[in-house]
Structure formats: structure tokens, C-alpha cells
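Notes for the one structure printed next.
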Amino acid sequence: MSSATTGASAPAAPRRSPTAPPRSFLWTRRIFLTVLTVFVAVPVYVMVSSSLKPLQDVSGEFRWLPSGLTIRPYIDIWSTVPLADYFLNSLIVASAATVCSVIVAVFAAYAVSRYRFRGKRLFTVTVLSTQMLPGILFLLPLFLIYVNVGNATGVALFGSRGGLILTYLTFSLPFSIWMLIGYLDSVPRDLDEAATVDGCGPLGALFRVVVPAAVPGIIAVAVYSFMTAWSEVLFASVMTNEATRTLSIGLQGYATQNDVYWNQVMAASLVVSAPVVVGFLFLQRYLVSGLTAGAVK
């Protein structure tokens, strides 16, 4: 019997699919993703390690491996500045701005998506074109409007949470409407007609059929509105006072004329970022589908 029939046959090499990307592309992608991961992970590691160091270690020469760890900065951040009050102000302002933005955007997007009216195209173009202007152009006009309204009517908009909520609506609402229009256009109109046959009016079809089908898009709008209000600095630095100051401005309190509490700054930054990061991790599936559904019909 020949050795060709008695010897074990060598396993055949796996054949590459004709549609598979070239190996050079795969290695380039791996290298790029590795560099990007390091680029993102290093600042996070510096923040975490610095927040667990005593102040003298953070103020001195930087060391990649800390000589000692302490959780004292996470305890002191609440007493060095009234961080709890700033946290409450940011939570109230961001939540209220998100709820108002979602409600108004749902009604406006539904009207544009489902009805024809004169000036419809002009409305959508105008809404989107407002995002082309930098926010600093609105700072002085809004400041003067709030002050004059307060002097004329006694309604305190300047230095109040309500005024800050209205301010954030001017930024989040136009993009929220435009993004939700694209998503509602991808929802079949047959659902509205079926709801009308069952006896629902326009509002009934909206809340019973369209809104449940547009949950991913609504969540995407809510996440965008919340993140915009939570991390805004420019208008919060002008439109607030000591009682209504938000987190983005309150973090400046850790820098005094004599010293900067760098370890507490890092600890407070991580605490401030936690709600947004946790919410994004839980809602990222809806966020991605909500952002992409309007582009694929």
C-alpha cells in the first residue's frame, strides 16, 4: 500500500471568501483601533488614578503608578463646594429641557411628516439652518431679553432654572425636530390609516400607533437633549447665579487663588460624567437605531 494512502492527509487551508477584505485592510484596521483605544483610555486612566491620589502626589511629578491610593477626594468633593446643590440644579434643568424638547419635537415632527401645508419646506430648512449659527451670537440677545422681561413683568428668567431651560430649548429643539422628522418618515403611513379606521383621531393615532413605533427615535432625541443641557458651559456661566449654578460651572470652585484641588477636580469630573455614561450604555441600542433609521427607508 502506498504511503499516499496510508499517511494522514494534511488539512486543507481555509479558502477566503471573494468578498472578504484584503489582509492589509484588516491589519490597518486593527492598528488604527488599537491606537484609538489607547488614545481614549490613557486620559481616563489619568483621571481615575489622579482622583485616588493625595493632593501632594497630584501636584508633584506625575507617576503612572501611584505610590498610595485614597478615596478621600471622593468624600471631600461634597464639602469643598456645594456639589450636591449643583448636581440637583443640573438634574432639574437637563431633565426639564429634555422632557419639553421631546414633547414639542414629537408634535412638530408629526405635523411636518404627516401633513402638507404652505411653508412646510421653508420651516424645515429654517429649523435646520439655526444650527449653523454659533451659540455665542445668542448670548447677548437672550441676556437682554431675560432682563427686560424680568423688569417689565416681574418674571425672573435671568438667574433662574426656568430661564436656563428655555435657553437650552433654543439649541436642542431645532435639531431634535429635524432628527425626529426623518425617523417618523420611516414609519409606514399605513399604521396611521389603520388607526383611523379603528376610530382614532389624529392625536389618537399619534399616541397609540406612531409614538410606540418611534420609541428609538424619541430616545435618541432625549439623549441628545439631555447631553446638550448637562454639559453646557457658556450660557450656564452667564444665566445662573450662586443658587442656580450647574455642575459645569460648579467645578470651577475647586480652583482657588492659592491652590487647585486637582484630585478633587478629577473625582468630581468622574462623578459628573457617571449619569451620562451609564445612561448612554443602557440606551445605546436605541440611540444607534434612532439615528440611523431616518437615513434608511
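The values are calculated or read from the model by the stated rules, or taken from the named source; none is laboratory data. Because the structure is predicted, anything quoted here is derived from the model rather than measured. Glycine gets a Cβ as well: all are built from the backbone with ideal geometry, and neighbour counts include every protein chain shown. For the accessible areas, the whole protein counts, side chains as well, though only heavy atoms, and no ligand, DNA or RNA atoms are used. Shrake-Rupley method; radii C 1.70, N 1.55, O 1.52, S 1.80 Å.
In the set (1) open to solvent by less than 40 Å² (accessible area, probe 1.4 Å); (2) assigned to a helix (DSSP H, G or I); (3) without any contact (Cβ under 8 Å) to a residue 60 or more places away in the chain, the condition left unmet by TRP27 is number (1).
Residues in segment 45-65 that are closer than 18 Å to ILE77 by Cβ, in a helix (DSSP H, G or I) and modelled with pLDDT of 85 or more: VAL46, MET47, VAL48, SER49, SER50, SER51. In the list ALA236, ALA243, ALA293, which residue meets the criterion of being of a type in the set (Gly, Ala, Ser), in contact with a helix residue (DSSP H, G or I) (Cβ under 9 Å, 6 or more places away or on another chain), buried (at least 19 other Cβ atoms within 10 Å of the Cβ) and at pLDDT 85 or above? Exactly one residue qualifies, and that residue is ALA236.
Just one of the numbered conditions (1) open to solvent by less than 80 Å² (accessible area, probe 1.4 Å); (2) within 23 Å of the chain's Cα centre (by Cα) is not true of LEU52: (2). Considering segment 88-111, and only residues there that are closer than 15 Å to MET179 by Cβ and over 18 Å from the mean Cα position of the chain (by Cα), the residue that is most open to solvent (accessible area, probe 1.4 Å) turns out to be PHE107. PHE158 fulfils the conditions (1) assigned to a helix (DSSP H, G or I); (2) open to solvent by 40 Å² or more (accessible area, probe 1.4 Å); (3) modelled with pLDDT of 85 or more except for a single criterion, (1).
Criterion applied to ALA229, ALA205, ALA220 was being open to solvent by less than 20 Å² (accessible area, probe 1.4 Å), within 30 Å of PRO73 (Cα to Cα), among the hydrophobic types (A, V, I, L, M, F, W, C) and in a helix (DSSP H, G or I), and the one residue passing it is ALA229.
Report, by residue number, each residue of segment 112-142 that is among the aliphatic types (A, V, I, L, M) and under 26 Å from the mean Cα position of the chain (by Cα). Across segment 112-142, the qualifying residues are VAL112, VAL125, VAL127, LEU128, MET132, LEU133, ILE136, LEU137, LEU139, LEU140, LEU142. Does segment 199-220 contain any residue that is at positive phi and of a type outside the set (Val, Ile, Thr)? Within segment 199-220, one or more residues are at positive phi and of a type outside the set (Val, Ile, Thr).
Checking each residue in segment 123-136 for being closer than 25 Å to ALA108 by Cα, out of contact with any Pro (no Cβ under 8 Å at 6 or more places or on another chain) and open to solvent by 50 Å² or more (accessible area, probe 1.4 Å) picks out PHE123, VAL125, THR126, MET132, LEU133, PRO134.
Residue count for segment 232-246 satisfying the condition of being without any contact (Cβ under 8 Å) to a residue 24 or more places away in the chain and part of a helix (DSSP H, G or I): 1. Going by what's in this entry, would GLY250 be described as in contact with a helix residue (DSSP H, G or I) (Cβ under 8 Å, 6 or more places away or on another chain) and at pLDDT 85 or above? Considered against the rule, which asks whether it is in contact with a helix residue (DSSP H, G or I) (Cβ under 8 Å, 6 or more places away or on another chain) and at pLDDT 85 or above, GLY250 comes out as yes. Could you check how many residues of segment 75-84 are touching a residue at least 60 places away in the same chain (Cβ under 8 Å) and either open to solvent by 70 Å² or more (accessible area, probe 1.4 Å) or among the β-branched types (Val, Ile, Thr) (or both)? Residues that pass the stated criteria total 3.
For PHE117, are the conditions met, namely being over 24 Å from MET227 (Cα atoms) and out of contact with any strand residue (DSSP E or B) (no Cβ under 7 Å at 6 or more places or on another chain)? In short, yes.
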